[in-house]
Amino acid sequence: MFSWPARDASAEEVLRWGVSEFGDRLAITTSFQATGMVILDMAACITGGDVQVFTLDTGRLHEQTYELIERVRRRYGIVVEMVTPDHRELSSMLRLHGPMLFKDAASKRKLCCEIRKVRPLERKLASLDAWVTGLRRSQGGGRNEVDTVSLDEEHGGIMKLAPLAHWTEKRVWDYIRRNDVPVHPLYSKGYPSIGCEPCTRAVKPGEPPRAGRWWWEGDDDKECGIHVSPSGEVRRDFDVLLEEVLPTPPRPVDFESKA
Ligand code: SF4
């Protein structure tokens, strides 16, 4: 059994603790946004680049994201594992619903996220004892309670590290400027949040940051449709669609934390 880092441990101390406790059973996951780049920079300083890093390559990322991955590889000497969707799940989904299914209905958008992001992440985490994320409390969207170190019950009880949990956005950008950390070029084009290319856009002045995600969905559409069958069974559109693609029972998933 290991000892946990002190509650007031700094981000560097938390990362150093994770690397020393879990070694190659720990991995950093990043989508190469600002917080992820700070963590990569710190981890490279601590390990000399000898740290496991992965990203969810949905197949629909911005070209600029792939270019940034190349910069990370060259600058830090870090090997970035591209975790991809299961090709049978992906081809089944595309055959049934087409490549632009996410524009059809919120339930199909959630199906696409399940196949391209949620399931690949679950498969990757099943091989680990600890993972590192860039979650911060001040990001909102249910992240107010994020702990620096916690047990991740949703993913088999492995350790979940969020070294920047208590950092403000200003502190993130101060670190980036001070250490000349590479940043995603879409920030300078008005993108506050950068995900898949067809599902992310720049926001206008005054719009909330997440307005640039799935902007075609109304607030009511953000949830899957609920249906009650003649037998009284409650079904969500998303569950039915998932069964069409894969005959496995879907699990409850927190999509906001994975977006
Ligand atoms: Fe699919 Fe869009 Fe989700 Fe990416 S963000 S997985 S393209 S629905």
Along the dipole axis of region 11-249 (charges at Cβ: +1 for Lys and Arg, -1 for Asp and Glu; origin at the Cα centre), the most positive-end residue among 195, 151, 18 is 195
Give the dimensionless ratio obtained when the Cα radius of gyration of region 11-249 is divided by 2.2 N^0.38 Å. 1.06
Considering just Cα atoms, how many Å³ per residue does the convex hull of region 66-129 enclose? 117 Å³
In terms of the charge dipole of region 11-249, which places +1 on Lys and Arg and -1 on Asp and Glu at the beta carbon, the residue among 65, 241, 29 farthest towards the positive end is 65
If I take the Cα coordinates of region 14-111 and project them onto the principal axes, what are the three extents in Å, biggest first? 46, 28, 21
Please state the equivalent ellipsoid semi-axes for region 97-175: what are the square roots of 5 times the Cα gyration tensor eigenvalues, largest first, in whole Å? 27, 19, 11
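What is the magnitude of the charge dipole of region 36-154 about its Cα centre, with +1 placed on the Cβ of each Lys and Arg, -1 on the Cβ of each Asp and Glu, and no other charges, expressed in debye to the nearest 20? Please report the intermediate quantities before stating the final value.
Numbers: 19 positive and 18 negative charges, 117 e Å.
Using Cβ point charges on Lys, Arg, Asp and Glu, region 36-154 gives about 560 debye.
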Using Cβ counts within 10 Å as a stand-in for footprinting exposure, how do 239, 50, 24 rank, fewest first? 24, 50, 239
By how many degrees, between 0 and 90 and to the nearest 10, does the Cα long axis of helix 11-22 differ from the longest principal axis of the chain? 80 degrees
Okay, helix-only estimate at 222 nm for the chain: each DSSP H run of n ≥ 4 adds -39500 (n - 2.57), divide by all residues, round to 500 deg cm²/dmol; what do you get? -10000 deg cm²/dmol
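Read-outs: derived from the displayed coordinates by stated rules, not from any lab. Everything numeric in this text was worked out from a predicted model, so none of it was measured. Glycine also receives a Cβ, built like all others from the backbone with ideal geometry; neighbour counts cover every protein chain displayed.
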